[in-house]
Each structure stands twice: as structure tokens, then as C-alpha cells.
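In what follows, a single structure is set out as C-alpha cells and then discussed.
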Amino acid sequence: MATFFEIGDVVAFKANKNIQLVVTGIGADGIVLLRFFDTITSEFKKVEMPAICFIKV
């Protein structure tokens, strides 16, 4: 599955555009690696999710 994202793109959840993340990697299976800043812990967190959950902002 191809994604339309590139590393470094800022994306947001389709369901909640207030949550924005940065693409740090792209898997061949449609999974994107993302990074976001957690304001509660003041740390950067990483997550892997299907690209279909996001839109480019």
C-alpha cells in the first residue's frame, strides 16, 4: 500500500485535526512512524499507525 506522505511531513488525525504529528518513517505495509510532543510529560513520543488514519496538513 502506497502512502502520500514523506518523512518530515506534518499530519493530523482525520477524526481530530487538533492532534498533529510528524512523520519519521514509512513502512511498505501502509504503516507510518510518527513523533509527537507530549505536553503533559514534556517528552517526544513515538507511535506506529496505519497511514489511512491521517491527513497531511
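The values are calculated or read from the model by the stated rules, or taken from the named source; none is laboratory data. Treat the numbers as computed from the prediction; the structure is a model and nothing was measured. Here the Cβ positions follow ideal geometry from the backbone for every residue, glycine too, while neighbour counts run over all protein chains shown.
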Among the listed residues 54, 44, which satisfies the condition of being at pLDDT 90 or above and in contact with an Asp or Glu (Cβ under 8 Å, 6 or more places away or on another chain)?
44
Of the residues 31, 55, 26, which single one is without any contact (Cβ under 8 Å) to a residue 24 or more places away in the chain and of a type in the set (Val, Ile, Thr)?
31
Of all residues being of a type outside the set (Ser, Thr, Tyr) and surrounded by 15 or more Cβ atoms within 10 Å (Cβ to Cβ) in region 3-20, which is farthest from residue 53 (Cα to Cα)? Just the residue, please.
9
For region 21-40, name all the residues that are under 11 Å from residue 51 (Cβ atoms) and surrounded by 15 or more Cβ atoms within 10 Å (Cβ to Cβ).
23, 26, 31, 32, 33, 34
